[in-house]
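The next block holds one structure in the form of structure tokens; read it before the comments.
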Amino acid sequence: MKILIVGPSWVGDMVMAQTLFQCLKQRHPECEIDVLAPDWSRPILDRMPEVRAALSLPLGHGVLDLATRRRIGKSLVGQYDQAILLPNSLKSALVPWFAGIPKRTGWKGEMRYGLLNDIRTLDKDSYPLMIERFMALAYEPGAALSQPYPQPRLVIDEASRDAALAKFELQLDRPVLALCPGAEFGEAKRWPAEHYAKVAEIKIREGWQVWLFGSKNDHAGGEDIRMRLIPGLREEVSNLSGQTSLAEAIDLMSAATAVVSNDSGLMHVAAALNRPLVAVYGSTSPGFTPPLADRVEIVRLGLECSPCFDRTCRFGHYNCLRELKPRPVIEALDRLVGETLTLVEGD
């Protein structure tokens, strides 16, 4: 059985999609799974043993480009028994339809009647988690999902990790705290730089080193965190934001002793690497897309106005993040890594 998955367009969603691949392998151990997705996702898919091949979808998010989708679809004619679509858009259904894949499975959305022939109606109450909505597509409609749910697990090649360590002149002679202070979603997901800096300061004084991860858009924010530290401490921070490829970031993060992250794609990467993880939530909720790992602490204030899921704070104060002080994050790290920490009053 050969299955084509049309993958999602965000890092975190692609990581969580592995739960579907795991379910398919449990139900059909001999099946072959290929994933059609943007090229940026290849480093993630390459680290998922369930995936045979990552197929390039060279289109930006939201781009229709009917001719390209038709060309890709025609190139796949006769190769697959089933297609499973994770996006709910009409565009995502075009390639499997052009390919003439016999069974085309997905949730009802954007008038995809005809393009899909195994169309499901989503009951959000039955499947409150995103992974449940992904996993359910591996089963017949209405079937119970197998328990316990699988967790995403990315597999790291040690040679690739060692090459990344050498390239960026990083050493593993001390514990590593990985900080992921960015969030593509918007400011309402970003814990303040001064709070990240305080966490970094405390860990450095305990003998740790700090690595900052993120995209090129996060580099300036990483420098803000680094420069808040006094000379002698800031030199213990490596700002890797925008310097690494996604593949290198994944491999390097696998070497972290612990991770502190906003609700972001890198949070899900850290969870899939099974790193001890403190996840900081503000405007969003762990009730839909929580990090899927055993060694996770979620820290949030749960103010009356949150979760609002807004990109910017409608009140302009961002109190769900600003008033979330470093102390509970440090205490969560303490529980995860088993060290005793001393904080000054007010942190």
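The values are calculated or read from the model by the stated rules, or taken from the named source; none is laboratory data. If you're wondering where the values come from, they're calculated on a predicted model, not measured in any experiment. Because the Cβ atoms are built from the backbone with ideal geometry, glycine has one as well, and the counts that use them run over all protein chains shown. With ligands, DNA and RNA removed, areas are computed over all heavy atoms of the protein, side chains included. Shrake-Rupley method; radii C 1.70, N 1.55, O 1.52, S 1.80 Å.
Quick notes on this structure:
- The chain, relative contact order [Cα under 8 Å, separation at least 6], %: 15 percent
- For Leu116, the solvent-accessible surface with a 1.4 Å probe is about 10 Å², rounded to the nearest 10.
- Computed extension length for Glu132-Val77: 16.8 nm, one decimal, from 0.36 nm per residue of separation with the Cα-Cα distance subtracted.
- Semi-axis lengths (Å, descending) of the ellipsoid that matches the C-alpha gyration tensor of the range 158-340: 25, 17, 16
- Solvent exposure, largest accessible area first (probe 1.4 Å, DNA, RNA and ligands not counted), of Ile204, Ile156: Ile156, Ile204
- Max mean-square fluctuation residue, GNM over the chain, Cα-Cα springs under 10 Å, options Ser89, Ser283, Ser254: Ser89
- Only helices enter the 222 nm calculation for the chain: every DSSP H run of n ≥ 4 contributes -39,500 (n - 2.57), and dividing by all residues gives -8500 deg cm²/dmol, rounded to 500.
- Take the Cβ atoms of Glu140 and Lys2, set R0 to 22 Å, and the FRET efficiency comes out at 0.70.
- Within the shell of other residues whose beta carbon sits under 11 angstrom from the beta carbon of Glu32, the net charge comes to -1, with Lys and Arg scored +1 and Asp and Glu -1.
- Accessible area of the chain divided out per residue, in Å², using a probe of 1.4 angstrom: 44 Å²
- Cys305 paired with Gln171, simple spin-label distance in nm, labels 7 Å along Cα-to-beta-carbon: 4.7 nm
- Rounded if a/c under 1.5, otherwise prolate or oblate - the range 40-155, Cα gyration tensor axes: oblate
- Each Cα pair under 8 Å and six or more residues apart adds its separation to the average, and for the range 158-340 the resulting relative contact order is 24 percent.
- Computed E for Glu30/Val155 - FRET, C-beta separation, R0 25 angstrom, nearest 0.05: 0.80
- Distance between the C-alpha centres of the range 106-155 and the range 1-37: 12 Å, rounded to the whole angstrom.
- Separation of alpha-carbon centers, the range 163-231 and the range 236-300, rounded to whole Å: 12 Å
- Reach of Lys198 by Cα under 17 Å, taken over lysines that are not fewer than 8 positions away in the same chain: Lys325
- Normalised by 2.2 N^0.38 Å, with N the number of residues, the alpha-carbon radius of gyration of the chain equals 1.04.
- Using Cβ point charges alone (K and R +1, D and E -1), the dipole size of the range 158-340 about the Cα centre works out to roughly 360 debye.
- Assigned charges on the beta-carbon of Lys, Arg, Asp, Glu; the chain dipole about Cα centre (debye): 1080 debye
- Per-residue accessible area (protein heavy atoms, 1.4 Å probe) orders Trp208, Trp97 as Trp97, Trp208, starting from the largest.
- Think of the chain as having a plus end and a minus end, set by charges on the Cβ of Lys, Arg, Asp and Glu; of Val210, Phe98, Ala279, Phe98 sits farthest toward the positive end of this dipole.
- Under 14 Å, Cβ to Cβ, from Lys189 - net charge with Lys/Arg +1 and Asp/Glu -1: -1
- Dimensionless Rg over Rh [the range 103-153; C-alpha; Kirkwood]: 0.99
- Each Lys or Arg adds one and each Asp or Glu subtracts one; over the other residues with Cβ under 13 Å from the Cβ of Thr121, this totals +2.
- Of all accessible heavy-atom area on the range 1-136, the percent that carbon and sulfur account for (1.4 Å): 53 percent
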